[in-house]
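Working notes, beginning with the structure itself.
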Amino acid sequence: MKKIIALAVTAASLMAGSLVQDAKNAGLKAIPASESELLKLIDNPKNPITKAKVKLGKKLYMDPRLSKSGLISCNFCHNLMEGGDDGVDASTGHMWRHNPHHLNAPTVYNAVFFGSQFWDGRAKDLEAQAQGPALAHPEMAATKEHIEKVVKSMPEYVKAFKQAYGDDIKITFEKVTDTIANFERTLVTPAPFDAFMNGNANALNAKEKEGLKTFIQIGCASCHNGVALGGEMNAINVAATYKYMNVGDFEGDKNGMVKVPTLRNITQTAPYFHNGMVWNLKDAIKEMGRIQLGAKISDKQAESIEAFLGSFTGKKPHMMMPMLPASTSATPKPNLN
């Protein structure tokens, strides 16, 4: 009996190993299990991750006083208590305005793995991305001067910047956003899929493994690959036209390329597509197959892929809300106009 069990375990391990190799051949990659290997992927030599920067960046990320209204923080559209997005079809910002292009907020979780940021890929990294929403009028609607004045008005923030960067630090808008990005670089969520790819044959159940096979066979991995399982630029409407393409005016960058959304934590980041018009994951799978692959994905195939996508739901970093510094008489007053 022991011999039979041992043979069965060996066979299962071999099958899992073969599936892992198929996934690797399709371009899928895991978040490294090793902290040192992970750091190589997420660190920016021009903005090295340190505990002091991350701690300060977390406070700045959560602080709504950086916005013109004093109401909107980075966390407003990228809620870390949920999927790292805002859960609405079009992002809403200053004066309760919707994004003028009807764009949906992508998740900030695992964004460090993206090859480019924003739906049109206009920012190369998180440091560049962090500057955009702060100054965009439909979002935080602030100015560089406002943000610098807010931070400099609070002795606790000034002290924290010196602890993070040294006594000679000059607090600028760019330094503030770099610090926010430093925190965002740590927002990585290793998932059962990663454990499976890193050698744990039992990290995925039978349905998820079958879904991985279907995912590869249909061709989903042609766009959703790498550690991010997305995050690179690709053409949209390759085989057909997205049925909600008329909602909003976004058509990609100047070459018609659109950033491929990550599949990590996909079960927690509805609604889907750039304009957030699809709320059901199975429907999103079918629509993506139709417009990108020219494939008519059956209910059974969609259910199989959906089961596999659940294995991308990762363990989020422990998150305790930071206590923010008290405003002073020099802190700019909220402006709702």
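What follows is calculated from the coordinates using simple rules that are stated; it is not laboratory data. All values reported here derive from a predicted model rather than from experimental measurement. Backbone-built Cβ (ideal geometry, glycine too); neighbour counts: all protein chains shown.
What the table below lists for this structure:
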item	result
The range 178-337: C-alpha gyration tensor shape, a/c 1.5 cut-off, then a/b vs b/c	oblate
Dipole magnitude (debye, nearest 20) for the range 203-321, charges at Cβ of Lys, Arg, Asp, Glu	280
Student exercise, the chain dipole from Lys, Arg, Asp, Glu Cβ charges, in Debye to nearest 20	580
Debye, to nearest 20: dipole size of the range 43-184, +1 on Lys, Arg Cβ, -1 on Asp, Glu Cβ	520
If the convex hull is drawn through the Cα atoms of the range 43-184, its volume per residue in Å³	103
Neighbour net charge for Asp86 - beta-carbon separation under 15 angstrom, K R +1, D E -1	-3
When each of Lys209/Lys254; Lys55/Lys152; Lys259/Lys316 is checked by Cα-Cα distance, pairs over 28 Å	Lys209/Lys254
Förster radius 25 Å - calculated FRET efficiency between Ala330 and Arg97 (Cβ-Cβ, nearest 0.05)	0.30
Of the DSSP H helices in the chain, those whose Cα atoms cover at least 24 Å axially and whose Kyte score averages 1.6 or more	none
Selection from Tyr157, Met81, Ala105, by position along the positive dipole direction of the range 43-184 (Cβ)	Tyr157
